[in-house]
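The structure under discussion appears below in the form of structure tokens.
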Amino acid sequence: MVADRVTASEEETQAIARELSATLRAGDVVLLSGDLGAGKTTFVRGLADGLGIDPREVCSPTFTLVHEYRGNGLTLYHADLYRLERAATDELGLEEIGVKDGVLAIEWPDRLTHALPGATVVRLEMVDDSSRRITIGPAEAGS
Ligand code: ADP
Ligand code: MG
């Protein structure tokens, strides 16, 4: 899915995430970049909802680096790499997660040392308090 839209609320951001979720297949990876408060976790709640998972289950992973949410379809894996040094991400085994039964959503993907080929990049930018610009597209080679 390719998109460049501005949302005016959390609900609108989740609606775009639900649209994206409908296009996802097992093994797909979604990279979420944007500053703190940009709406990355909010977007993951929309992905969860679209995958038949209660969005209220989705929280910001703190000590658990990768959360796993089982719905009635694809499993959603949610990683938040904010607190990690770049090198430490190698030990998480994210590549293996991505190819299994589910979809992997990663916040702060700039911490990754390896590119995840074929990933979809969602970039969230704060426009003002309630508006976010959301661009969605394929990861560029090397990013
Ligand atoms: P991140 O995971 O990027 O740090 P969160 O999703 O945890 O961000 O928080 C985003 C915050 O911004 C929430 O408090 C949410 O209510 C607020 N917000 C305001 N407008 C929007 C919008 N259009 N889309 C998403 N979140 C929004
Ligand atoms: Mg977050």
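State yes or no: is TYR77 of a type in the set (Phe, Trp, Tyr) and open to solvent by 50 Å² or more (accessible area, probe 1.4 Å)?
For TYR77, the condition - of a type in the set (Phe, Trp, Tyr) and open to solvent by 50 Å² or more (accessible area, probe 1.4 Å) - is not met.
Output the qualifying pairs, or none if there are none: Cβ atoms under 6 angstrom, residues six or more apart or on different chains, first residue in the range 35-56 and among the β-branched types (Val, Ile, Thr), second residue within 16 Å of ligand 2 (Cβ to nearest atom).
THR41/SER60; THR42/GLU10; THR42/THR13; VAL44/VAL58; VAL44/HIS78; VAL44/ALA105; ILE53/TYR69; ILE53/LEU76
If you go through the range 85-102, how many residues are part of a helix (DSSP H, G or I) and either open to solvent by 70 Å² or more (accessible area, probe 1.4 Å) or over 25 Å from ALA38 (Cα atoms) (or both)?
The total comes to 5.
So that you can scan it fast, the table gives a plain yes or no per residue for (1) aliphatic (A, V, I, L, M); (2) under 21 Å from MET1 (Cβ atoms); (3) modelled with pLDDT of 95 or more; (4) within 11 Å of ligand 1 (Cβ to nearest atom):
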| position | (1), (2), (3), (4) |
| --- | --- |
| LYS40 | no, yes, yes, yes |
| GLY71 | no, yes, no, no |
| HIS78 | no, yes, no, yes |
| ALA141 | yes, yes, no, no |
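Given the structure, is TYR82 surrounded by fewer than 22 Cβ atoms within 10 Å (Cβ to Cβ) and more than 15 Å from ligand 1 (Cβ to nearest atom)?
no
Which ones in the range 92-142 are in contact with a strand residue (DSSP E or B) (Cβ under 7 Å, 6 or more places away or on another chain) and among the hydroxyl-bearing types (Ser, Thr, Tyr)?
THR120, SER131, THR135
If the Cβ limit is 6 Å and pairs must be 6+ apart or interchain, which residue in the range 4-17 that is within 7 Å of ILE134 (Cβ to Cβ) pairs with which residue that is in a loop (DSSP other than H, G, I, E, B) and at pLDDT 95 or above?
THR13/GLY39
Collect the residues in the range 35-71 that are within 14 Å of ligand 2 (Cβ to nearest atom) and out of contact with any helix residue (DSSP H, G or I) (no Cβ under 8 Å at 6 or more places or on another chain), keeping them in residue-number order.
ASP35, LEU36, GLY37, ALA38, LYS40, THR41, PRO61, THR62, THR64, HIS67
The values are calculated or read from the model by the stated rules, or taken from the named source; none is laboratory data. Note that the coordinates shown come from a computational prediction; the quantities given were computed from them, not determined experimentally. Methodologically, a virtual Cβ is constructed for each residue, glycine included, from the backbone with ideal geometry; neighbour enumeration extends over all protein chains shown. Surface areas here come from the heavy atoms of the whole protein model, side chains and all, with no ligands, DNA or RNA. Shrake-Rupley method; radii C 1.70, N 1.55, O 1.52, S 1.80 Å.
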